[in-house]
Amino acid sequence: MIRAVRGLLALTAFGCFAVSATVLPALSPDALLRLGVWLAAAIVLHDGVLVPTLQLTGALAGRLPVPRAAVLVVEGGLLLGLLVSALAIPPLVTQHNGPANPSVVPQDYPANLGLFWAADAALVLAAVVVITWRGRRTGARRTASGPPS
Amino acid sequence: MSAEPPTGGGDRFSRRAFLGLAGAATATAGLVTAGQSFEILGPANLVAPRVAGRGPQGLPVNKTAAAAGVLDSATDAAWRLRLDGSDGSRALSRAELSALPQDTQVLPIACVEGWTTSATWTGVPLASLLAGVGGIGDRHVRLTSLEAGGAYRVSTMGPEFATDPRTLVALGLNGAPLDLDHGYPARIIAPARSGVLQTKWLAHIEVLP
């Protein structure tokens, strides 16, 4: 099964490579360079920013007296916030450089990002409170009825 | 090599949690951007580069008339749409085009950038316009813009598009004359063609031999 999945993945990768080999020569050297930068930036963003931040947060939150599920919710909330922030980078850069016309990047992206982070944080906080409270109640009930023999 | 199943991120993250987070992340990324194409998700559009309905006449613009360098030629009173077919040629002013039987179609501009917006277009069906110069038959049609350059100044349309009764030489958009940035004095609008091929600021339409 695992071997079959690996084989399928390798075939898919080879298929993508074959398609790009026919498409990429049509791009200008400048466009190829920008494509390379874009792909490399995605890896740097994932491996250099997203994953270390989540690992660090998970390690720190793991020391707090909260259930494991609450730590997971904090990490999840952080992941969503970072992801939406990453999506806002291209429009913010375009806005900074001056858009081609007023219908391009017409939103107040910093304000929208703030709104998303605020809603995200509020939901995470509410979920952590509920999970911790339920965990303590269950723990207290177990203690009252005595440890299982 | 042993075929050991992956543990899904060590003992802190279960595989189910990992997949759940990946799914939530994908859904969120869709939710905060899809509003640029789906108006029902408009309120959740926080970071998309376009806003549905934002632009002249409620439609976003990719290339403006100024960027295309057609500000003068598109507003020139001497503008005529040249038609060439197997049965001769014609040149029609905007007033003459407006006097022909008009049709109205709701068709989307689907941009390769990722946004899509539907609009109501009014104009002369391309097939009936070209019937005056010998018709289309099974031939291709070449559309040329007033633009001096650019990769999409000229586009060629197969007979499956050109003879579709919904394909219009549009003169109006959402109940008003075409905005200059949407292709005034006349543009092509056809179903199921990408936005860059919906030639704006039309100058010349030829039925190819």
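For segment B:112-117, just list the computed ³J(HN,Hα) in residue order, Karplus coefficients 6.51, -1.76 and 1.60, θ = phi - 60°, integers in Hz, with x standing in for Gly and Pro.
5, 5, x, 9, 9, 9
List the relative contact order of segment A:28-143 as a percent without decimals, with contacts defined as Cα pairs under 8 Å and 6+ residues apart. Don't skip to the answer; put the middle values down first.
On the way: 46 pairs, mean separation 34.7, N = 116.
Relative contact order comes out at 30 percent.
Using amide H atoms built in the peptide plane, which far-off residues or other-chain residues are under 5 Å from residue B:119 H to H?
Placed amide hydrogens put B:107, B:109 under 5 Å from residue B:119.
Taking 56 Å as R0, compute the FRET efficiency from the Cβ-Cβ separation of residue B:128 and residue A:14 and round it to 0.05.
Numbers: r = 50 Å, r/R0 = 0.89.
Step by step, r from the Cβ atoms, then E = 0.65.
For segment B:165-172, what does the Karplus curve 6.51 cos²θ - 1.76 cosθ + 1.60, with θ = phi - 60°, yield as ³J(HN,Hα) per residue in whole Hz, taken in order and with x for Gly and Pro?
x, 7, 6, 10, 8, 7, 10, x
Which of B:182, A:46 comes first, and how do the rest follow, when ranked by fewest Cβ neighbours within 10 Å?
Working: B:182 27, A:46 11.
Arranged by neighbour count, lowest to highest, B:182, A:46 become A:46, B:182.
Using θ = phi - 60° and the Karplus relation 6.51 cos²θ - 1.76 cosθ + 1.60, list the HN-Hα couplings for segment B:27-32 in order, rounded to whole Hz, with x at every Gly or Pro.
Using θ = phi - 60°, the values come out as 4, 5, 4, x, 4, 7 Hz.
For segment B:98-205, state which GluC sites (Glu not before Pro) are in a DSSP loop and have at most 16 other beta carbons lying within 10 Å of their beta carbon. Display every interim value, and only then the final one.
Values: sites: B:113, B:147, B:160; in loops: B:113, B:147.
Taking segment B:98-205 and a limit of 16 other Cβ atoms within 10 Å, the loop GluC sites (Glu not before Pro) found are B:113.
Compute the distance in nm between two label points, each set 7 Å from the Cα along the Cα-to-Cβ direction, one at residue A:142 and one at residue B:140.
7.3
Just to be sure I understand the model, the point goes 7 Å from the Cα along the line to the Cβ. What's the resulting residue A:40 to residue B:91 distance in nm?
5.4
Across peptide A:64-70, how many C-beta atoms of other chains are within 10 Å of each residue C-beta, on average? Let's see the in-between values first.
Details: counts 0, 0, 0, 0, 4, 1, 0.
Across the residues of A:64-70, the mean count of other-chain Cβ atoms within 10 Å is 1.
Taking the Cβ-Cβ separation of residue A:55 and residue A:32 as r and a Förster radius of 25 Å, what is the calculated FRET efficiency to the nearest 0.05? Show your work: numbers first, answer last.
Values: r = 33 Å, r/R0 = 1.34.
That pair, residue A:55 with residue A:32, gives E of 0.15.
Please find, in a Gaussian network model of chain B (springs between Cα atoms separated by less than 10 Å), the residue of B:73, B:14, B:194 whose mean-square fluctuation is greatest.
B:14
Could you work out, residue by residue across A:98-108, how many beta carbons of other chains sit within 10 Å of that residue's beta carbon, and then give the average as an integer?
Values: counts 0, 1, 6, 11, 7, 14, 9, 5, 7, 9, 1.
Counting other chains' Cβ atoms within 10 Å and averaging over A:98-108 gives 6.
Once fully extended, how much extra length lies between residue B:151 and residue B:106, figured as 0.36 nm per residue of separation less the alpha-carbon to alpha-carbon distance? Walk me through the intermediate numbers first.
Values: separation 45, 0.36 × 45 = 16.20 nm, distance 2.68 nm.
Stretched fully, the residue B:151-residue B:106 segment lengthens by 13.5 nm.
Explain nothing, just the number: dipole magnitude of the protein assembly as shown about its Cα centre with +1 on each Lys and Arg Cβ and -1 on each Asp and Glu Cβ, in debye rounded to the nearest 20. Working shown, then result.
Details: 27 positive and 22 negative charges, 344 e Å.
Using Cβ point charges on Lys, Arg, Asp and Glu, the protein assembly as shown gives about 1660 debye.
Among B:34, B:45, A:58, whose Cα sits farthest toward the positive end of the charge dipole of the protein assembly as shown (+1 at Cβ of Lys/Arg, -1 at Cβ of Asp/Glu, about the Cα centre)?
About the Cα centre, the residue reaching furthest to the positive side is A:58.
Charges only on Cβ, +1 for Lys and Arg, -1 for Asp and Glu: so what's the dipole of chain A about the Cα centre, in debye to the nearest 20? Kindly include the intermediate steps, with their values, before the conclusion.
Numbers: 10 positive and 5 negative charges, 209 e Å.
Approximately 1000 debye in magnitude.
Can you tell me how much longer the chain between residue A:89 and residue A:69 gets when fully stretched, taken as 0.36 nm per residue apart minus their C-alpha distance, in nm with one decimal?
Here the segment from residue A:89 to residue A:69 would lengthen by 4.1 nm.
No lab work stands behind these numbers, since they all come straight from the coordinates. As the structure is a prediction and not an experimental result, all values here were calculated from the model. Note that each Cβ is placed from the backbone with ideal geometry, even for glycine, and that neighbours are counted across all protein chains shown.
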